[in-house]
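The next block holds one structure in the form of structure tokens; read it before the comments.
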Protein chains: 2
Amino acid sequence: MLESIILGMVSDNDFTGYDIKKLIENGIGVFYKASYGSLYPALKRLTDKGCLTTYEKPQGGRKKIFYHITEEGQKQFFDWLVSPTDITEGTNTHLAKIYFFDNLSPEIREQQLLEYEINNRNYLRKLNDLENKYNKMENKECFYYKLSTLYYGICITQKTIQWCQHIRMQKPLSDLIQDKKS
Amino acid sequence: MLESIILGMVSDNDFTGYDIKKLIENGIGVFYKASYGSLYPALKRLTDKGCLTTYEKPQGGRKKIFYHITEEGQKQFFDWLVSPTDITEGTNTHLAKIYFFDNLSPEIREQQLLEYEINNRNYLRKLNDLENKYNKMENKECFYYKLSTLYYGICITQKTIQWCQHIRMQKPLSDLIQDKKS
DNA sequence: ACCGACATGTAAACGGTTACATGATTTT
DNA sequence: AAAATCATGTAACCGTTTACATGTCGGT
């Protein structure tokens, strides 16, 4: 997974490991995280496999190692892009927690759900800030799909907040579902 | 994570490892998966830690090992339930993929997105079937929150399908966001 | 002089996936 | 008689997290 993401990040530009970390944070940080402890070994693996080449270009006394994608790397990236996607993969541990909330006393449960809702509201604010930032940029049509994932994050977080409000008040669950006829 | 989920599953009833696997699949399979290769070692760790006790109760010639939660286990489960939740944890690898879809030719992209949408529609059908099944059950108020996560899955999958349709046609992304004034 | 951001890495511990191994019981 | 499901586990492999280690550069 991480390897494919790295290939995607360097697919049109050479970057350093540090750059790639930043790109991941700012780009898909909404739904994916990578630490240096996984990133650098992954870069090494990709280099050993012949998917990347490296060159040094120190800036001042600062060591900098750039990664460049090879044709083999491009091929593997493309193969990943068009490989079948299992939509059930991925985890959502906070939901697993709420699954057990019937076990909690009403007071504590209320408090926990409220906290969860607030966390989502704060998160939504961050995503909206990001959106505003990107909206000021030009030639947005060049990264429509990159932006689309940010909008997905906003949509889903909005829905999550609505869901939170709903289940805090223990309203009928079936009211949550949209009419299929629409 | 898995350890906490196991504790949750046995918190009101003794179960075998096999049972627990099924409970996880049917209960939170929407957003969490566990294999025997992780489950049985986790059960062993929990037993060693004193969170679980075991007893054998063979049925016929079939070996059956039941796990029972201890007070220490109950305490740890409760601590987890009320521990602060990081809503940014968890991964969504299919979204990471779509992030790179600007790199794809329009034809292949269209095809991939359509496939993704169909996968989500199939998945939604499964979730709706589950919902119908649970709706026929009695005393639903006893597991309102357990059910709430299923409804969350349905809501989010519906939204995902809408989002898919939207970005397939490259409609303006800002149209995706609900009015904040509402 | 110090702090925060830049920059690259390593090692231990941990946990998860996959595949394998074994055998009983129920269903077709 | 065969296939599916019940039932418990192990082992190799792999990747991630966390913490640590080292050093540069720009701003205050």
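What follows draws every value from the coordinates through simple rules; no lab data is involved. In this text the structure is predicted, and so the values were computed from the model without any measurement. Reconstructed Cβ throughout: ideal geometry from the backbone, glycine too, with neighbour counts over all protein chains shown.
Shape call for the range A:2-81 from the C-alpha gyration tensor, a ≥ b ≥ c root eigenvalues: rounded (a/c under 1.5), prolate (a/b greater than b/c) or oblate? All intermediate terms of the calculation are to be shown ahead of the outcome.
On the way: a/c = 1.74, a/b = 1.14, b/c = 1.53.
Since a/c reaches 1.5 but b/c is at least a/b, the shape of the range A:2-81 is classed as oblate.
Across peptide A:8-20, the average count of Cβ atoms from other chains found within 10 Å of a residue's Cβ is 1. Sorted from nearest, the other copies put their B:Glu115 label points 4.2 nm away, the label point being 7 Å from Cα in the direction of Cβ.
Of the listed peptides A:82-88, B:57-63, what is their order by residue-averaged count of other C-beta atoms within 10 Å, with the highest listed first? All intermediate terms of the calculation are to be shown ahead of the outcome.
Details: A:82-88: 12.9, B:57-63: 7.7.
Ranking, from highest mean packing down: A:82-88, B:57-63.
Sparsely packed loop sites in the range B:83-175 (the trypsin sites (Lys or Arg not before Pro) outside DSSP H, G, I, E and B with at most 13 other Cβ atoms within 10 Å) comprise B:Lys136.
Taking each DSSP H run with n ≥ 4 as -39500 (n - 2.57) and averaging over every residue of chain A yields -19000 deg cm²/dmol at 222 nm.
Rounded to two decimals, the Cα-based Rg/Rh of the range B:93-176, with Kirkwood Rh, is 1.11.
So which DSSP H runs in chain A come out at 24 Å plus along the axis (Cα) with average Kyte-Doolittle of at least -0.5? Walk me through the numbers before you get to the answer.
Values: long enough: A:106-135 (42 Å, -1.59); A:144-168 (36 Å, -0.19).
Helices meeting the criterion: A:144-168.
Listed by chain and number, the lysines whose C-alpha is less than 24 Å from the C-alpha of B:Lys146, apart from same-chain residues fewer than 8 away, are A:Lys97, A:Lys159, A:Lys171, A:Lys180, B:Lys21, B:Lys22, B:Lys33, B:Lys75, B:Lys126, B:Lys133, B:Lys136, B:Lys159. Taking the Cα centre of the range A:17-75 as origin and assigning +1 to Lys and Arg Cβ atoms and -1 to Asp and Glu Cβ atoms, the resulting dipole is close to 200 debye. Averaged over the residues of peptide A:80-88, the number of Cβ atoms from other protein chains lying within 10 Å of each residue's Cβ is 6.
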